[in-house]
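Peer 1: Dropping the structure in here first, questions after.
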Amino acid sequence: MKYLFLFILLYTLLGFGELQAQNYTSKSKKAIKLYEKAQQYLRLRQFDEGVSYLLKAVKTDKNFAEAHYKIATLFSLDYKTNQIANPGLANEYYQKSIEYFRYAIAAAPEDPRFSAAYLDLANYYMDKGDYTNAKKSAEKFLSFKPEDKYLAASKKIITDCEFAQEAIKKPLDFKSQPLPYPINQTNLQYFPALTGDQKTLVFTVRKINPESRREEESIQQSNFQNGAWSNPVSISDNINAFQNAGTASISADGRTLVFTICDTEPDTRWICDLFISYKEGNNWSEPKNLGPNVNSSSWESQPSLSADGRTLYFISARSGGKGGRDIWFSRRDDAGNWSPAQNLFEVNTTFEEVSPFIHPNNKTLFFASTGYPGMGGFDLYMCDYINKQWTKPENLGFPVNTFKDQVALFISADGKKGYYSVEDSRNNEINSSILHQFDMPEAIQPKVKSNYVKGYVFDSQSKQKLDAQIDLFDLTDNVRQASVESDSQSGNYLIVLNQGSEYGLEVHRKGYAFKSLSFNYTEGKDVEPLEINISLDPIAQGTVFRLNNIFFDYNKYELQEKSKTELDELVKFMIENSDVKGEISGHTDNVGSDVANKELSFNRAKSVYDYLVKAGIDPARLKYQGYGASKPQGDNNTEEGRAKNRRIEFEIL
């Protein structure tokens with residue numbers, strides 16, 4: 001249930017009404033006698049008998065506010081007790097408590113002793129999306145000038161009502177629909193996550209184990225093949241070997257999985273911990289606890305892994321945060337070590353934050369919260385990381401958000417498709433959810449769109465698939481944006497590229513020549529996914545490789561600043577392969593005179609030579625030469641061909 005705050009403590013439950021008879025709202029001696037008899041049973045914790053006498057009291061006097069109020073608080077206590085163990089029964093108790101709270105304030109609407117009923121009613125109306133009555137009830141509660149500890153809750157309801165009423169006037173063009181069969185075969189499935197190419201879906205299911213008769217969570221996988229989703233299967237026996245494994249996040253390339261394991265000794269530090277598993281070929285490794293830098297003695301769950309698998313956002317109830325459950329994050333270094341988790345203070349509130357999702361662009365964070373103005377309960381929000389700080393979270397609006405809880409959102413790399421879990425309206429189950437998909441309204445799509453490059457890495461001679469390190473650099477600021485490794489068995493890789501920048505892709509493997517690719521996404525247009533298989537040449541005499549990210553101004557030979565990324569990578573290559581000697585060669589198209597072109601190409605090659613020598617490479621290992629337009633690789637009659645001819649190459653001598 002949303003927003004329900006049971007402020008009536010057991011002490012109040014047992015002690016309320018210890019008043020002189022003349023202070024009761026009832027003047028019926030019989031009703032008062034029945035009420036006081038109920039009090040005696042309640043002091044002895046004989047609740048069934050107590051409720052029986054209370055019901056007789058209100059039957060005798062329907063305006064006996066104390067008796068109505070006491071019945072309501074008892075049902076509230078029953079609701080709280082059964083919320084997890086028996087949600088269906090809990091819902092019945094909840095409805096009854098609301099019914100009797102209404103009777104109590106109808107009998108004595110201005111009596112401050114029953115003012116808490118207005119707050120419970122306000123929460124009830126919020127739970128139904130009845131913003132008009134919710135606001136009225138919360139305002140009435142405030143009129144009694146309640147204690148400070150209740151002010152924030154009641155004012156939050158009023159704020160949410162006002163927000164919701166305005167949001168409904170400006171609905172987004174939004175319609176979600178269930179993922180088609182064979183997805184959604186069980187009563188409970190939630191927390192969808194997809195690979196960068198949207199070809200693999202992982203999600204959590206909860207169902208009864210026929211042997212133990214206990215509810216258990218497991219992680220399922222479905223693949224998109226021939227235009228349809230395959231029948232979901234266990235993602236791995238290694239991962240689902242645990243009794244409760246769920247709420248998983250998968251890296252964009254589908255080769256790193258972070259997920260939650262609960263109630264498993266001895267590796268679980270407390271209630272729930274985060275674990276990690278890596279995929280090689282078709283097999284997932286044995287899960288490993290992420291350790292004390294990520295996990296604590298408290299509850300950790302709901303991970304979200306960045307596209308390259310190097311930053312992890314998750315939810316924890318540990319101390320040191322701003323509220324009960326907060327968003328925390330940790331980063332993995334090149335050695336595979338995770339940094340001590342930090343609280344995302346800029347985003348968290350003193351209320352509740354859950355289900356973070358970092359978009360593949362690594363700049364937009366989606367999450368659910370009860371702390372910001374919303375439609376009631378958990379709403380979905382988004383914020384962006386700009387200039388090294390997070391922007392103010394923005395509600396995703398109506399009807400993406402409604403009076404029901406909205407959590408566990410996943411948005412595709414291009415920002416156009418969304419997936420989340422919603423309450424199942426197909427049956428009358430209290431605890432039921434299914435996976436939905438929708439077209440993301442343009443107004444709330446990530447500002448920075450992404451797409452991906454995928455393929456496989458292989459040996460150019462033997463054609464054997466290779467594992468290699470692939471680094472993505474933003475050439476405008478020489479910052480590494482992502483780093484992935486291709487699969488050691490299949491050679492497969494996938495890396496996400498954001499629109500609005502110019503990128504260099506640097507591919508490294510010991511014993512192989514330097515390799516680079518170039519991608520210009522500065523124009524901000526929608527870019528289709530690319531599939532590029534990368535061949536690596538073994539280091540050998542005569543091997544030639546092109547330096548694709550060396551840049552000069554037109555008819556100039558001074559290196560542009562964005563060439564630094566590639567040049568620094570070439571320096572590393574020369575240091576790691578100390579026996580390599582090479583010739584740097586410059587080439588041009590055929591525009592201009594042969595003499596001018598040869599001179600320009602010579603000076604450009606020398607600029608690269610000078611940079612390497614200045615960086616510490618022994619000049620005895622290097623030569624440079626300019627060949628002008630004498631060695632074309634493309635057709636000089638087309639712009640595309642001329643661009644291919646303008647290049648810097650490196651030949652191993």
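The values are calculated or read from the model by the stated rules, or taken from the named source; none is laboratory data. Treat the numbers as computed from the prediction; the structure is a model and nothing was measured. Cβ coordinates were reconstructed from backbone atoms using ideal geometry, including for glycine residues, and neighbour counts include every protein chain displayed. Remember, those area values only see protein heavy atoms, side chains included, never the ligands or the DNA or RNA. Shrake-Rupley method; radii C 1.70, N 1.55, O 1.52, S 1.80 Å.
Peer 1: Can you work out which of the residues in segment 527-539 that are surrounded by 11 or more Cβ atoms within 10 Å (Cβ to Cβ) and in a loop (DSSP other than H, G, I, E, B) is modelled with the lowest pLDDT?
Peer 2: Val527
Peer 1: Further, regarding this structure: Take the residues of segment 444-468 that are within 18 Å of the chain's Cα centre (by Cα) and basic (Lys, Arg): which is farthest from Thr522 (Cα to Cα)?
Peer 2: The residue in question is Lys447.
Quick grid of which residues meet (1) in contact with a helix residue (DSSP H, G or I) (Cβ under 7 Å, 6 or more places away or on another chain); (2) at pLDDT 95 or above; (3) under 30 Å from Asp487 (Cβ atoms); (4) surrounded by 17 or more Cβ atoms within 10 Å (Cβ to Cβ):
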site	(1), (2), (3), (4)
Val544	no, yes, yes, no
Thr588	yes, yes, no, yes
Ala596	no, yes, no, no
Arg604	no, yes, no, yes
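Peer 1: Do any residues in segment 32-44 that are without any contact (Cβ under 8 Å) to a residue 40 or more places away in the chain have Cβ atoms under 8 Å from those of residues that are acidic (Asp, Glu), where the two are at least six apart or on different chains, and which pairs are they?
Peer 2: Cβ pairs passing all conditions: Tyr35/Glu66; Ala38/Glu49; Gln39/Glu18; Tyr41/Glu49.
Peer 1: Still on this structure, please answer the following. Just one of (1) under 35 Å from the mean Cα position of the chain (by Cα); (2) at pLDDT below 95; (3) open to solvent by 40 Å² or more (accessible area, probe 1.4 Å) trips up Lys145, so point out which.
Peer 2: Status for Lys145: all satisfied but (1).
Peer 1: Taking the options Lys149, Lys145, name whichever one is over 30 Å from Gly418 (Cβ atoms), without any contact (Cβ under 8 Å) to a residue 12 or more places away in the chain and part of a loop (DSSP other than H, G, I, E, B).
Peer 2: Answer to the selection: Lys145.
Peer 1: Turning to a different aspect of this structure: What number of residues within segment 1-57 satisfy the criterion of being open to solvent by less than 100 Å² (accessible area, probe 1.4 Å), at pLDDT 50 or above and of a type in the set (A, V, I, L, M, F, W, C)?
Peer 2: 10
Peer 1: Leu365 - would you say it is over 26 Å from Asp237 (Cα atoms) and not polar (S, T, N, Q)?
Peer 2: For Leu365, the condition - over 26 Å from Asp237 (Cα atoms) and not polar (S, T, N, Q) - is met.
Peer 1: So which residues in segment 326-340 are buried (at least 20 other Cβ atoms within 10 Å of the Cβ) and modelled with pLDDT under 95?
Peer 2: Residue satisfying the conditions is Arg332 alone.
Peer 1: Just to be sure before I move on: is Ser490 out of contact with any Leu (no Cβ under 9 Å at 6 or more places or on another chain) and at pLDDT 95 or above in the structure I sent?
Peer 2: Here the answer is yes, as Ser490 does meet what is asked.
Peer 1: Taking strands (runs of 3 or more DSSP E) that do not extend beyond segment 341-421, which have at least 1 residues that are open to solvent by less than 10 Å² (accessible area, probe 1.4 Å) and of a type in the set (Phe, Trp, Tyr)?
Peer 2: Filter on segment 341-421 gives 364-369, 379-386.
Peer 1: Follow-up question, since we're still on this one. I need every pair where a residue in segment 168-188 that is free of Cβ contacts under 8 Å to residues at least 24 places away in the same chain has its Cβ under 7 Å from the Cβ of a residue that is crowded, with 16+ Cβ neighbours inside 10 Å and outside any loop (DSSP other than H, G, I, E, B), sequence separation at least 6 or different chains.
Peer 2: Close Cβ pairs (under 7 Å, with a partner that is crowded, with 16+ Cβ neighbours inside 10 Å and outside any loop (DSSP other than H, G, I, E, B)) amount to Thr186/Val205.
Peer 1: Of all the residues that make up segment 312-325, how many are hydroxyl-bearing (Ser, Thr, Tyr), at pLDDT 95 or above and either open to solvent by 10 Å² or more (accessible area, probe 1.4 Å) or within 24 Å of Ala413 (Cβ to Cβ) (or both)?
Peer 2: Residues in segment 312-325 being hydroxyl-bearing (Ser, Thr, Tyr), at pLDDT 95 or above and either open to solvent by 10 Å² or more (accessible area, probe 1.4 Å) or within 24 Å of Ala413 (Cβ to Cβ) (or both): 1 in total.
Peer 1: Write out, first by first residue and then by second, each pair whose Cβ atoms fall under 7 Å of each other, whose residues are 6+ apart or on separate chains, and whose first residue, in segment 563-574, is closer than 13 Å to Lys515 by Cα while the second is open to solvent by less than 10 Å² (accessible area, probe 1.4 Å) and of a type in the set (Ser, Thr, Tyr).
Peer 2: Once the first residue is closer than 13 Å to Lys515 by Cα and sits in segment 563-574, its partners that are open to solvent by less than 10 Å² (accessible area, probe 1.4 Å) and of a type in the set (Ser, Thr, Tyr) give Glu566/Ser516.
Peer 1: Just a yes or no: is a residue in segment 317-330 out of contact with any strand residue (DSSP E or B) (no Cβ under 9 Å at 6 or more places or on another chain), among the charged types (D, E, K, R) and closer than 22 Å to Phe275 by Cα?
Peer 2: The answer is no; no qualifying residue exists.
Peer 1: Is there a residue in segment 271-291 that is within 26 Å of Gly371 (Cα to Cα), small (Gly, Ala, Ser), surrounded by 15 or more Cβ atoms within 10 Å (Cβ to Cβ) and modelled with pLDDT of 90 or more?
Peer 2: no
Peer 1: Sort out for me the strands (runs of 3 or more DSSP E) sitting completely within segment 424-497 that have 1 or more residues that are among the small types (Gly, Ala, Ser) and buried (at least 19 other Cβ atoms within 10 Å of the Cβ).
Peer 2: 433-439, 450-459, 479-485
Peer 1: Among the residues of segment 501-518, are any at pLDDT below 95 and β-branched (Val, Ile, Thr)?
Peer 2: no
Peer 1: Among the helices (runs of 4 or more DSSP H) confined wholly to segment 542-646, which include 3 or more residues that are closer than 27 Å to Val479 by Cβ and in contact with a strand residue (DSSP E or B) (Cβ under 8 Å, 6 or more places away or on another chain)?
Peer 2: Helices (runs of 4 or more DSSP H) meeting the threshold: 564-576, 594-614.
Peer 1: Same structure again: Is it the case that Glu110 is open to solvent by 10 Å² or more (accessible area, probe 1.4 Å), outside any helix (DSSP H, G or I), under 30 Å from Lys29 (Cβ atoms) and without any contact (Cβ under 8 Å) to a residue 24 or more places away in the chain?
Peer 2: yes
Peer 1: Let me ask something additional. Give just the number: which of (1) of a type outside the set (Gly, Ala, Ser); (2) modelled with pLDDT of 95 or more; (3) closer than 30 Å to Glu92 by Cβ does Glu423 not satisfy?
Peer 2: (2)
Peer 1: Given the criterion free of Cβ contacts under 8 Å to residues at least 12 places away in the same chain and of a type in the set (D, E, K, R), identify the matching residue among Lys416, Lys404, Lys388.
Peer 2: It is Lys388.
Peer 1: Tally the residues that are in contact (Cβ under 8 Å) with a residue 60 or more places away in the chain and either more than 30 Å from Gly309 (Cα to Cα) or in contact with a Gly (Cβ under 7 Å, 6 or more places away or on another chain) (or both), restricting the search to segment 192-203.
Peer 2: The number of residues fulfilling the criteria is 1.
Peer 1: If I filter segment 78-99 down to residues being among the aliphatic types (A, V, I, L, M) and farther than 25 Å from Lys62 by Cβ, which single residue comes out as most open to solvent (accessible area, probe 1.4 Å)?
Peer 2: Ile84
Peer 1: How many residues does segment 109-145 contain that are within 22 Å of Asn91 (Cβ to Cβ) and either small (Gly, Ala, Ser) or out of contact with any Cys (no Cβ under 8 Å at 6 or more places or on another chain) (or both)?
Peer 2: The total comes to 17.
Peer 1: Another question, then. Looking at Ala317, Ala307, can you tell me which residue is touching a residue at least 60 places away in the same chain (Cβ under 8 Å) and touching a Phe, Trp or Tyr at 6+ places or on another chain (Cβ under 9 Å)?
Peer 2: Criteria check complete, one pass: Ala307.
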